[in-house]
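The values are calculated or read from the model by the stated rules, or taken from the named source; none is laboratory data. Remember, it's a predicted structure, so these values are computed and weren't measured experimentally. Every residue, glycine as well, gets a Cβ built from its backbone with ideal geometry; the counts of neighbours run over all protein chains shown. Areas reflect the complete protein model, heavy atoms only, side chains present, ligands, DNA and RNA absent. Shrake-Rupley method; radii C 1.70, N 1.55, O 1.52, S 1.80 Å.
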Amino acid sequence: MKKIRNVENPFEFETVVFSFSEEQILRELIAESSYVAKSLVGQSDLKLGWSRSIIFSEDDKPFLSRWLADARDEMMRALSAYLSDESVSSETALVFAVFLSRQRPLALDESICHQLERAIVHHVLNQWFATKQPEESVRRQLQYKGAMSAVKSDIRLACNRRPHRPTNYF
C-alpha cells in the first residue's frame with residue numbers, strides 16, 4: 001500500500017494503491033486448495049492426480065495468468081466508481097488504486113487490502129474448481145461476492161459515507 005496522509009482538510013481524498021503479486025496470490029491459492037484437499041479427501045481414498053496436501057500446483061500455473069486477468073477485469077468493473085487512473089496491473093501484479101478520504105480509520109486500509117486479496121483468491125478458485133468440484137466452485141463464487149461486498153462497504157466507510165442499506169418502501 002502506498003499512501004500520503006494530510007489531515008489538514010478532512011474532505012480531501014488520496015489515492016491508496018493496493019498491489020498483489022502473482023507469487024503472493026499463488027501462495028494463498030496453494031494454502032486454500034490444500035485446506036480443501038484435506039477436508040474433501042479421506043486418508044485412504046485419494047482421487048487420481050490428487051495429493052493430500054496440494055491441489056492447486058505448478059501444473060496449473062499456465063492457467064493462473066488467465067484466471068488472474070479474469071479476476072482483475074471483473075473486480076475493476078465492480079469497483080470502477082472507486083478507482084483512480086493509477087490502477088494499472090501488469091502481468092505479474094494486480095493493482096487497485098482507490099480514492100479514499102484522507103481522514104479515515106487506518107484499520108480500513110488493512111481490511112480493504114485483506115478483502116481484495118480474498119476476492120482474488122476466491123475468484124480464481126471458483127474457476128479452478130468449476131470442473132473438479134462444482135459444489136466447491138459455487139461456494140467460492142459466494143465467498144467472492146461476500147468479499148467484494150465487504151470491500152465496497154469498507155471503501156464507503158473510508159470515504160465517510162454510510163454503507164448502503166436496503167430501503168424498505170412499505
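With the simple spin-label model, which puts each label point 7 Å out from Cα in the Cβ direction, the residue 156 to residue 138 separation comes to 2.8 nm. Looking at segment 63-141, the accessible area is 45 square angstrom per residue; that uses a 1.4 Å probe and ignores ligands, DNA and RNA. With the simple model of a label 7 Å out from the Cα in the direction of the Cβ, residue 107 to residue 31 spans 2.1 nm.
Subtracting the Cα-Cα distance of residue 74 and residue 59 from 0.36 nm times their residue separation leaves 2.9 nm of extension gain.
Protection proxy ranking for 76-82, 29-35, 103-109, using the average of other Cβ atoms within 10 Å per residue and placing the highest first: 29-35, 103-109, 76-82.
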